[in-house]
Amino acid sequence: MNTNTEELASLYVLDELNSEERQAFEKLLESDTHLLLLVRELEVTLEDQIRNLPQQPAPTQLFSSIKERINSDFTPKSVEPVITIRWSTFASWGIAAALLLGVGLTLLVTSPESNPAAPGHQPVVLIVGMDSNSAFVEAVPTVMAVDESENFLQLAEMAETYWQHPEQLPGYINQSPLANTLGSGYAVFDPQSKHGFIAIQNLPLREKGKNYFLWLRDSGSNVLECAGIIPLQDRQQGLYFFELDEDSPISSDQVAFFITEEAAADSKLSKPLGELVLGSDHI
Amino acid sequence: MSSTAQQEAAIEEAFLLAQVGVGDYEAFRKIYDRYSTPLYSLGLRMLKQPPEAEEALQDTFLKIWNNAAKYDARKSRPFTWVVTIMRRTCIDRIRKMNRVPEVVTFESADDQDWATPETVRQTAVRHETIDQVEQALKEVPDKQKRALELALFSGMTHSEIAQAMEQPLGTVKSWLKRGLFQLRNTLTKPAV
């Protein structure tokens, strides 16, 4: 990495680049893992400087004032299911952490706050492999944390590990490498928290105005649910987080995952109308 | 905070921001609880006056509420993202007040005795971190440190910093980079 790039990285984290320079630098960041690692380290360095200031709590009434201002200017936000996080970023953080600590990424850690198994029911995480016309589900017995953030972290670690090491995916998925030219992917889903990650690769480019919708069908109850629109933009691959409503009836350990291409632009679609591009609606 | 703990906190905070992005008040409250103290402290450092810092903090959290859905973890860590919003808000206020940006220093941190409700362990860990950061700052040459202080807390652009320090722009950019790298190298150096 040359001095000029290092200088740009410093000015980037100090917010000293103009918008044009910033955009150009962010393009670089997308393709250069070492640069991303450097930026993350510089951000942590600055974070330490800010936290090193004498810490003065904000006046206690301030949160109420903020809430009042939000309510007075309230425009309801979309509460439709949306796939909210482009996971590939976190994968980069993982790489950064692993490099910094000199350790490999590890899989799950059982939390002391973990959800005790209901009698006769072993909690599982579903690992779903998908290609252009089929899907395979394996229910892996796993104790997941009840705490929402911790549960997210556990799933994230699983998804990240498979992203880095697809050869560790169980069963059929091992023989279905992600490099499948007709599109392939996998999902990690916790039926209890209704949180999951989906990874996709090599999907065909969408027609203009169309979107990729992620669907889940519970094979036990035959309930079908839309998990949201995958915000692929101009990419053909990515790792994404999704969550279903807490009261979603999707809860068994036999859930089919599939992606369709739809002309719709919001996730209110009650059933798929478009072409199946990945996975299968039955298992 | 250890690197691992910092990574985990960052991932959790990105998750909370995603929740805020779809209108989750509870997640917003958690983000407020985590960030309000360091952001308010930054506001006080930049604006000097508590009422101004309070206004800036309110504006910042409104911006977080309205823009959380746009947060992109590819571009920055969650804390960096909110600090950038707070700094820009403070800079706007400084300019509206038509105030000449003041020179503020890392060292003046010692001058004030602001109480923070912390557990004994948190206090010990924070003091350890502060000691490390202060030690790291001591190793940064004065001019580089001053350039960093101006960039972080005064709201000056690097051109303004160059003017204030009567140095060519290229020199200031180089000082900022070298100062920041020096801090990074010292803070990530394994303890002997």
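Using each residue's phi in segment B:51-63, evaluate 6.51 cos²θ - 1.76 cosθ + 1.60 at θ = phi - 60° and report the 3J(HN,Hα) Karplus result to the nearest Hz, with x for Gly and Pro.
x, 5, 5, 5, 4, 5, 5, 4, 4, 4, 5, 5, 5
Counting other beta carbons within 10 Å of each Cβ, put A:H282, B:H158, A:H195 in order, fewest first.
A:H282, B:H158, A:H195
Over all directions, the average projected area of the alpha-carbon convex hull for segment B:8-99 comes to how many nm²?
With every direction weighted equally, the projected area is 5.7 nm².
If the reach is capped at under 19 angstrom between alpha carbons, list the lysines near B:K96, excluding any in the same chain fewer than eight residues apart.
B:K48, B:K63
Give the lysines whose C-alpha is closer than 18 Å to that of B:K173, dropping any in the same chain fewer than 8 places away, or say none.
B:K143, B:K145
Taking the Cα centroid of segment B:169-184 and of segment B:31-56, what is the distance between the two, rounded to the nearest whole Å?
Between the Cα centres of segment B:169-184 and segment B:31-56 lies a distance of 27 Å.
Collect residues whose amide H, placed 1.01 Å from N in the peptide plane, falls under 5 Å from the amide H of A:V125; neighbours closer than 5 in sequence don't count.
Long-range HN contacts for A:V125: A:V140, A:T142.
Which far-off residues, 5 or more places away or on another chain, put their amide H under 5 Å from the one on A:S134, with H placed in the peptide plane?
A:G279
Assuming R0 = 56 Å, can you tell me the calculated FRET efficiency for the pair B:T171 and A:S219, based on Cβ-Cβ distance, to the nearest 0.05?
0.25
So what J values fall out for segment A:240-256 if you push phi through Karplus, 6.51 cos²θ - 1.76 cosθ + 1.60 with θ = phi - 60°, rounded to Hz, Gly and Pro as x?
Once θ is set to phi - 60°, the couplings for segment A:240-256 become 10, 8, 9, 8, 9, 4, 4, 8, 4, x, 6, 8, 7, 9, 10, 10, 8 Hz.
If I model a spin label at A:D281 and A:D245 as a point 7 Å from the Cα along the Cα→Cβ vector, what separation in nanometres do I get?
With each label point 7 Å from Cα toward Cβ, the separation is 2.1 nm.
Which ³J(HN,Hα) values in Hz, rounded to whole numbers, follow from the phi angles of segment B:75-87 under the Karplus curve 6.51 cos²θ - 1.76 cosθ + 1.60, where θ = phi - 60° and Gly and Pro get x?
For segment B:75-87, the Karplus-derived couplings read 8, 7, 6, x, 5, 4, 4, 6, 5, 4, 4, 5, 5 Hz, x marking Gly and Pro.
Please give every one of the lysines within straight-line cross-link reach of B:K70, meaning a C-alpha to C-alpha distance under 25 Å, and leave out same-chain neighbours fewer than 8 residues apart.
Excluding near neighbours in sequence, the set is A:K27, A:K67, A:K77, A:K194, A:K208, A:K210, A:K268, B:K30.
Based only on other Cβ atoms within 10 Å, what is the fewest-to-most ordering of B:M156, B:M165, A:M1, A:M130?
A:M1, B:M165, B:M156, A:M130
Taking the beta-carbon count within 10 Å as an exposure proxy, list A:F257, B:F181 from fewest neighbours to most.
Numbers: A:F257 26, B:F181 20.
Sorted ascending by nearby Cβ count, the order is B:F181, A:F257.
No value in this document is a laboratory result; all are computed from the given coordinates. All figures in this text were calculated on a predicted structure; none of them were measured in a lab. Positions of Cβ are generated from backbone atoms using ideal geometry, with glycine treated the same way; all protein chains shown enter the neighbour counts.
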